[in-house]
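All remarks here apply to the structure that follows.
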Amino acid sequence: MKEQTQNSSNVLNEPAVMYGHTNYYSLANHDISKNYIKAILDISKLTLNELMAIIPISIDTYKRKTEFNPPVTEKVLEIEEVYRTGLSAFGEGFHTWMSTENVALGGVIPKKLLSNSFGVRKLLDEIGRMEHGVLA
């Protein structure tokens, strides 16, 4: 499956179906294409400005380049993991949940937690709890 997402230059070009934690780890060491990022924008329904506030590049760099380095790949894969996990568990309603202030998360809008890996872990933990019916 990994071969489908990369070309000969070892750049991730398009998201595949859920890879799992181990494969995300190995994929994070590769460059990522703008097409992959666009696909994650579609999946997540984040605006370009919201995404640029999360990943470590400027909007000008995003517009100018077609491939990005592993730190960008890692952030994009974190976003992908959260959205694929949430959408798999809750369907399209997950988008509303990600955009609505949440008391269980300290009164923040969940997608604001995408800005760092601690927030991503918190989101994945919360999704897992909700999926298993543990609401407190």
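Brief remarks on what is shown
- Evaluation of ILE43 against the conditions (1) open to solvent by 30 Å² or more (accessible area, probe 1.4 Å); (2) on the phi > 0 side of the Ramachandran plot; (3) modelled with pLDDT of 95 or more shows that the sole unmet condition is (2).
- Residues considered: ILE32, ILE43, ILE109. Of these, the only one that is under 25 Å from MET130 (Cβ atoms) and touching a residue at least 40 places away in the same chain (Cβ under 8 Å) is ILE43.
- Residue within region 105-128 that is among the charged types (D, E, K, R), within 19 Å of ASN10 (Cα to Cα) and under 13 Å from the mean Cα position of the chain (by Cα) present: no
- Within the option set SER33, SER26, being modelled with pLDDT under 95, small (Gly, Ala, Ser), open to solvent by less than 50 Å² (accessible area, probe 1.4 Å) and closer than 30 Å to ASN10 by Cα holds for one residue only, SER26.
Here's the yes/no breakdown for (1) at pLDDT below 95; (2) surrounded by 15 or more Cβ atoms within 10 Å (Cβ to Cβ):
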| position | (1), (2) |
| --- | --- |
| ASN49 | no, no |
| GLU67 | no, yes |
| LYS75 | no, yes |
| VAL103 | yes, no |
| PRO110 | no, yes |
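- Against the list (1) part of a helix (DSSP H, G or I); (2) open to solvent by less than 80 Å² (accessible area, probe 1.4 Å), the condition ARG121 fails is (2).
- Test result for GLY86, assigned to a helix (DSSP H, G or I), among the small types (Gly, Ala, Ser), in contact with a Phe, Trp or Tyr (Cβ under 7 Å, 6 or more places away or on another chain) and crowded, with 19+ Cβ neighbours inside 10 Å: yes
The values are calculated or read from the model by the stated rules, or taken from the named source; none is laboratory data. Everything numeric here is computed off the predicted structure, so don't read it as measured data. Glycine gets a Cβ as well: all are built from the backbone with ideal geometry, and neighbour counts include every protein chain shown. These accessible areas exclude ligands, DNA and RNA; they are computed on the full protein's heavy atoms, side chains included. Shrake-Rupley method; radii C 1.70, N 1.55, O 1.52, S 1.80 Å.
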